[in-house]
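Just so it is clear, none of the values below were taken in a lab; they were calculated from the coordinates. What you see is a predicted model; the values in this text were computed from it and never measured. Every residue, glycine among them, receives a Cβ derived from its backbone with ideal geometry; neighbour counts consider all protein chains shown.
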Amino acid sequence: MREADDEKNALGYHLHRAFAALTETLHGELRAAGLSLTHPQFSVLQAVSRKPGLSQNGLARETGKDGAAISRSLNYLEKRGLIRRAAINGCTKGVFLTQQAEELRPLLDDAIRKTLARACAGMEPDEARTLVRLLEKIPAALHEAAPRG
């Protein structure tokens, strides 16, 4: 098999293409809802919604984004009044959604719901559930296999 064929059959190639398509579709859905958010900003809001009080480092781990992307996202979201940072235990700053962000939750949830519906349009429900289960195994396997320093 040629090298180009190997690349097209590689898991990373397909994951990258799927991620790019999902990100582009999500941006379109967010714009259609009148929300000017990038994927990292959306990811931060989603993570803070699931785990209020995460630190900047915690958000980086949770979203898979680097510290610089998280910092830029937090600064933008704070200026827009969508998050607030507050001290936890007197030192670490945790990130929390504001009331304004909470009010946007239905729009954010609708954008992700529409994106995922479009992504799974050609799948049977069992196929979509299997895909999710398989994707969940990747980070778990990689985190377990990661060298401990």
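Starting with the fewest neighbours, write out 11, 97, 116 ranked by other beta-carbon atoms found within 10 Å of each beta-carbon.
Least to most surrounded, the residues fall as 11, 116, 97.
Sum -39500 (n - 2.57) across every DSSP H segment of at least 4 residues in the chain, then divide by the residue count to get the 222 nm mean residue ellipticity, nearest 500.
One gets -23000 deg cm²/dmol as the mean residue ellipticity at 222 nm.
For the Cα atoms of the chain, what angle does the longest principal axis make with the long axis of helix 99-119, in degrees from 0 to 90, nearest 10?
Here the helix axis deviates by roughly 0 degrees.
Could you give the angle, 0 to 90 degrees to the nearest 10, between helix 125-145's Cα long axis and the longest principal axis of the Cα atoms of the chain?
70
Kindly give Rg over Rh for the chain, based on alpha-carbon atoms, with the Kirkwood expression for the hydrodynamic radius.
1.02
Might you report the magnitude of the Cβ-based charge dipole of the chain about its Cα centre, with Lys and Arg at +1 and Asp and Glu at -1, to the nearest 20 debye?
Charge dipole, the chain, about its Cα centre: 640 debye, nearest 20.
Provide 132, 95 in ascending order of the number of other Cβ atoms located within 10 Å of each residue's Cβ, fewest first.
Lowest count first: 132, 95.
Name the residue farthest towards the positive end of the dipole of the chain from the options 15, 131, 106, assuming +1 on Cβ of Lys and Arg, -1 on Cβ of Asp and Glu, about the Cα centre.
So the residue furthest toward the plus end is 106.
Enumerate lysine pairs in the range 3-123 that are 8 or more residues apart or on different chains, then count those whose Cα atoms are under 19 Å apart.
So the count works out to 4.
Going by how many other beta carbons lie within 10 Å of each one, how would you line up 79, 93, fewest first?
Listing 79, 93 from fewest to most nearby Cβ atoms yields 79, 93.
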